[in-house]
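This report concerns only the one structure given below.
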Amino acid sequence: HTCFDWLMPAMDAFRSRWPEVDLDIVSGFHAVPVGLLHQGKAEVAIVSESAQGEEADVAFLPLFSFEIVAILPKGHALLARSHLTAKHFADQVLITYPVPDEMLDLVRRVLGPAGVAPARRTTELTVAMLQLVASGRGVAALPLWAVKSYLDRGYVASQRIGAHGLTGRLYAAVPERLRERPYVAEF
């Protein structure tokens, strides 16, 4: 199982309804995926923050919401807590993607406002992040859907962030000229 087990069936279903639409995933890490739209390298970018009104000629269409959880090594002391707050991250090494802090919900919405700045380590690959956490090199905060198969297998453990959880949202950023296309609406 991979963190994208849900993606392939969804793409197959979309392809069967829209065979004339090419689906291709742009590989590699893109710190500013909306830039791919402006460069003409993509017609849809999946982003975690709506910049509606800030990006000329780009529409941000809501896709879905999800819980972001703290990822911890099995047996970590913080697993005994009912949930984590900013102070619980203060003496941890936080493993993140190499993106600006404003792109990380945990930093932007929890740690930053509390003035907490834990030591940091970065990696571009989710699987590398999980391996670092599993080996006790730090903690991470990731979408539950992205790590569910690793949690189910007991590779790492998770803990809720905040009493009510930390919710993230994904949006499809599309050129405004494509916004009303039926295949975009179905996507």
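Some values worked out for this structure:
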| read-out | value |
| --- | --- |
| Net charge dipole size for the chain [Lys, Arg +1 and Asp, Glu -1 on Cβ; Debye, nearest 20] | 880 |
| Rounded D (µm²/s) - segment 90-149, Kirkwood Rh over Cα pairs, Stokes-Einstein at 20 °C, 1.002 mPa s | 180 |
| Helix-derived mean residue ellipticity, 222 nm - over the chain, DSSP H n ≥ 4, -39500 (n - 2.57), to 500 | -6000 deg cm²/dmol |
| Percent accessible area from carbon and sulfur atoms, segment 66-180, protein chains only, probe 1.4 Å | 51 |
| Antiparallel DSSP beta bridges within segment 42-162, as percent of all bridges there, nearest 5 | 55 |
| Proximal lysines relative to Lys87, as straight alpha-carbon distance under 29 Å, when same-chain residues fewer than 8 apart are discounted | Lys74, Lys148 |
| Mean shadow area of segment 60-161 over all directions, Cα convex hull, nm² | 6.7 |
| Per residue solvent-accessible surface (Å²) - the chain, probe of 1.4 Å | 57 |
| Cα Rg over Rh - the chain, Kirkwood | 0.99 |
| DSSP loop GluC sites (Glu not before Pro) with at most 12 other Cβ within 10 Å: longest gap in the chain | 55-123 |
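The values are calculated or read from the model by the stated rules, or taken from the named source; none is laboratory data. Remember, predicted model here, so these are calculated numbers, not experimental data. When we count neighbours, we look across all protein chains shown, and the Cβ atoms used for this are built from the backbone with ideal geometry, even at glycine. These area figures cover heavy atoms from the full protein model, side chains too; ligands, DNA and RNA do not enter into them. Shrake-Rupley method; radii C 1.70, N 1.55, O 1.52, S 1.80 Å.
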